[in-house]
1. When you scan region 242-253, do you find a residue that is crowded, with 19+ Cβ neighbours inside 10 Å and assigned to a strand (DSSP E or B), even just one?
2. Evaluate region 89-107: report whether one residue or more is more than 30 Å from residue 256 (Cα to Cα), within 13 Å of the ligand (Cβ to nearest atom) and outside any helix (DSSP H, G or I).
3. Going through 140, 152 one at a time, which residue ends up being touching a strand residue (DSSP E or B) at 6+ places or on another chain (Cβ under 9 Å), in contact (Cβ under 8 Å) with a residue 60 or more places away in the chain and within 11 Å of the ligand (Cβ to nearest atom)?
4. Restrict the check to region 92-100 and report whether at least one residue is touching a strand residue (DSSP E or B) at 6+ places or on another chain (Cβ under 7 Å), closer than 17 Å to residue 27 by Cα, at pLDDT 95 or above and surrounded by 14 or more Cβ atoms within 10 Å (Cβ to Cβ).
5. Read through the list (1) under 27 Å from residue 46 (Cβ atoms); (2) away from the ligand (no atom under 11 Å from the Cβ), then give the number of the only condition that residue 126 fails.
6. When only residues in region 39-60 that are more than 15 Å from residue 139 (Cβ to Cβ) and in a helix (DSSP H, G or I) count, which is nearest to the ligand (Cβ to nearest atom)?
7. Counting only residues that are assigned to a helix (DSSP H, G or I) and farther than 26 Å from residue 26 by Cβ, how many does region 193-222 have?
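The values are calculated or read from the model by the stated rules, or taken from the named source; none is laboratory data. Computed from a predicted model, the values in this text were never measured in an experiment. Please note: Cβ atoms are built from the backbone with ideal geometry, for glycine as well, and neighbour counts cover all protein chains shown.
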Ligand code: PAF
């Protein structure tokens, strides 16, 4: 496994190669990332992963400074799964042209975008840079960040980028908590409580699949239950899987997405709901 930090060196190393499958990450890897890397191997002969904590996608009061940077441990985990690790510095990624961003559609201001203005703009900007640098045939993104995946698919279509975007399933801890690098901010008591977000989503899915039609009532009750347990719920929203437009009921394939804070830790989760009738 090669570890490369310069764009020029990576380009030279990948020149003329086809069959590149790419997994962008911000490091501090867990089993969810490693599953994406295993999935990448099914799509390409050469698996490239990037490790880069992208300052553009963090707001001024967010966790950019304390985001765990664990490159050495990450590289150990990637050994045998990945052929090339691209781990640039901020200076290497953004030497110039600050102020040039990808402009995004309305959906980027909803859900997570409502509380994190600029987040998806910064994310999309680094992703298009990474795709241009690596030029993979396939790139894999986790479905836990479903809105991110949706925006990336739209961006790739809009800019005719020659890459296939593949979604990787959410990997969960034994109790059901969706794996995330931010889970490590939770103290032991919060970690026990954290599973409650996925418990609520499963409960909502069950109700919808059993034909409970009043989504607003279901959603308000779930928010109230979480609030009573000490959560600060940002949103629980029912959306169409393909467009992420608001859905009032499960007519086609839909998705319940949620973001909520436990103490200072912001957790995301989502669950697909397909009503068979
Ligand atoms: O999902 C992430 O880890 C990041 O948003 C990504 C896609 C690597 C861009 O920085």
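1. In the first step, residues of region 242-253 are kept if they are crowded, with 19+ Cβ neighbours inside 10 Å; the result is 244, 247, 250.
Filter again for assigned to a strand (DSSP E or B), leaving none.
Scanning region 242-253, I find no residue that is crowded, with 19+ Cβ neighbours inside 10 Å and assigned to a strand (DSSP E or B), so the answer is no.
2. Taking region 89-107 first, the residues more than 30 Å from residue 256 (Cα to Cα) are 89-100.
From what's left, within 13 Å of the ligand (Cβ to nearest atom): 90, 93-94.
After this cut, where a residue has to be outside any helix (DSSP H, G or I) as well, the list is 94.
Yes - at least one qualifying residue is present in region 89-107.
3. Values: 152 fails: in contact (Cβ under 8 Å) with a residue 60 or more places away in the chain.
Criteria check complete, one pass: 140.
4. Narrowing region 92-100 to residues touching a strand residue (DSSP E or B) at 6+ places or on another chain (Cβ under 7 Å): none.
No: zero hits.
5. Here residue 126 clears every test but (2).
6. 57
7. Filtering region 193-222 for residues assigned to a helix (DSSP H, G or I) gives 193-194, 196-209, 215-222.
Remaining after also requiring farther than 26 Å from residue 26 by Cβ: 199-200, 202-209, 215-222.
Going through region 193-222 one residue at a time, the tally reaches 18.
Table: residues versus (1) surrounded by 15 or more Cβ atoms within 10 Å (Cβ to Cβ); (2) out of contact with any strand residue (DSSP E or B) (no Cβ under 7 Å at 6 or more places or on another chain); (3) farther than 16 Å from residue 29 by Cα.
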| residue | (1), (2), (3) |
| --- | --- |
| 40 | yes, no, no |
| 49 | yes, no, no |
| 59 | no, yes, yes |
| 66 | no, yes, no |
| 79 | no, yes, no |
| 82 | yes, no, no |
| 86 | yes, no, no |
| 107 | yes, yes, yes |
| 113 | yes, yes, yes |
